[in-house]
1. Would you mind listing the helices (runs of 4 or more DSSP H) fully within segment 120-200 where at least 1 residues are within 26 Å of Thr79 (Cα to Cα) and in contact with a Cys (Cβ under 6 Å, 6 or more places away or on another chain)?
2. Condition first: of a type outside the set (Ser, Thr, Tyr), assigned to a helix (DSSP H, G or I) and touching a Lys or Arg at 6+ places or on another chain (Cβ under 7 Å). Now tell me which residues in segment 36-80 satisfy that.
3. Taking Pro41 as meeting all but one of (1) over 20 Å from Ala211 (Cβ atoms); (2) at pLDDT 95 or above, write down the number of the exception.
4. Cβ contacts < 8 Å: first residue surrounded by fewer than 16 Cβ atoms within 10 Å (Cβ to Cβ), restricted to segment 55-69; second residue of a type in the set (Phe, Trp, Tyr), any location; separation 6+ or different chain. Result?
5. Name the residue, out of Ala122, Ala106, that is under 27 Å from Ala68 (Cβ atoms) and surrounded by fewer than 18 Cβ atoms within 10 Å (Cβ to Cβ).
6. Taking into account only those residues within segment 156-179 that are touching a helix residue (DSSP H, G or I) at 6+ places or on another chain (Cβ under 6 Å) and crowded, with 17+ Cβ neighbours inside 10 Å, which is nearest to Phe247 (Cα to Cα)?
Amino acid sequence: MDDRAIGVFDSGMGGLTAVRELIRRLPGEDVVYFGDTGRVPYGGRGADTIIKYARQDVAFLRTFDLKAIVIACGTVSTTALDILARENPLPVIGVVEPAVRSAVAATRTGRIGLVGTKATIASGAYERTVRELMPQAEVTARACPLFVPFVENGRYQPGDPLVELLVAEYLAPFREAEVDTLILGCTHYPLLKDAIAAYLGDGVRLISSGAACVDTVARLLEERDMKNAKTQGGLRRYFASDSAQDFGALASIFLGEDIQGQAQQIAIENY
Ligand code: DGL
């Protein structure tokens, strides 16, 4: 048993798609979440900046006594996982391998699509992992840089003409490539799931990278006997680097539960 909290971070709200799944699957676990809403998006930035931001995010989280850190961000997972894992003496879990494992298990045809931020696609990390786990797979990848700002501004509903236009523009190559599985390689994208499914149709399985990494967390806690003694009622604390009020309002939508008034703003540049 280990009653310490799990630290989870993202450049913004996207990592909450992982927290939602964590709460559903492991309801007794305490969670400390940090969303770097003051500096989002990370995905269009260079590797040095992403690494610097990620180190600060981890330094803030480690002011709490944690048993593991979840990088609930495709961009940081593809750019800085090895560095963060090397620098920190606790398990650091990213989203890439768990998402690829789910995709490889789901595909029937071996034609797998991947969407992510510019930095994620440029890193080639998802493709490398697919090649390791399923060498015969064909991967079609595309960066979708406008998805994150849309989601962060609450625009993701099917039926929203701008959302539909954007989805059609970005996802046309996946229809053409006839993928049967699409990895949502950025943790913001599950909010667009309905709009994406409406465009690609029921035949395409959508893999949420944030939700997939919870499998790995659950397995790790089980294997190392590190589960919280509580099985319900885990404590959740939320921090953001921009307005706590704005975070609370949007986070409530991401989490499907009202957390307004519970978030706190911190000065991430001090870490
Ligand atoms: N949720 C982050 C990711 O998974 C968002 C990227 C960004 O900040 O650009 O990549």
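The values are calculated or read from the model by the stated rules, or taken from the named source; none is laboratory data. Not measured: the values here are computed from a predicted model. Using ideal geometry, Cβ is built from the backbone for each residue, glycine included, and neighbour counts are taken over all protein chains shown.
1. On the way: elements: 125-133, 147-152, 161-176, 193-200.
Once the helices (runs of 4 or more DSSP H) in segment 120-200 are filtered for at least 1 residues that are within 26 Å of Thr79 (Cα to Cα) and in contact with a Cys (Cβ under 6 Å, 6 or more places away or on another chain), what remains is 161-176.
2. Just the residues of segment 36-80 that are of a type outside the set (Ser, Thr, Tyr), to begin with: 36, 38-41, 43-48, 50-52, 54-62, 64-74, 76, 80.
Checking the rest, the ones that are also assigned to a helix (DSSP H, G or I) come to 47-48, 50-52, 54-61, 74, 76, 80.
Matches in segment 36-80: none.
3. Checking Pro41 against (1) over 20 Å from Ala211 (Cβ atoms); (2) at pLDDT 95 or above, the one that fails is (2).
4. Ala59/Tyr271; Thr63/Tyr271
5. On the way: Ala122 fails: under 27 Å from Ala68 (Cβ atoms).
None of the other options fit; the residue is Ala106.
6. This residue is Tyr156.
Okay, residues lined up against (1) within 14 Å of the ligand (Cβ to nearest atom); (2) in contact with a Gly (Cβ under 9 Å, 6 or more places away or on another chain); (3) of a type outside the set (Val, Ile, Thr):
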position	(1), (2), (3)
Leu84	no, yes, yes
Ala105	no, no, yes
Gly110	no, no, yes
Ala122	yes, no, yes
Pro135	no, no, yes
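Yes/no per residue for (1) under 16 Å from the mean Cα position of the chain (by Cα); (2) within 15 Å of the ligand (Cβ to nearest atom):
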site	(1), (2)
Pro98	yes, yes
Arg101	yes, no
Cys144	yes, yes
Leu165	no, no
Pro173	no, no
Glu176	no, no
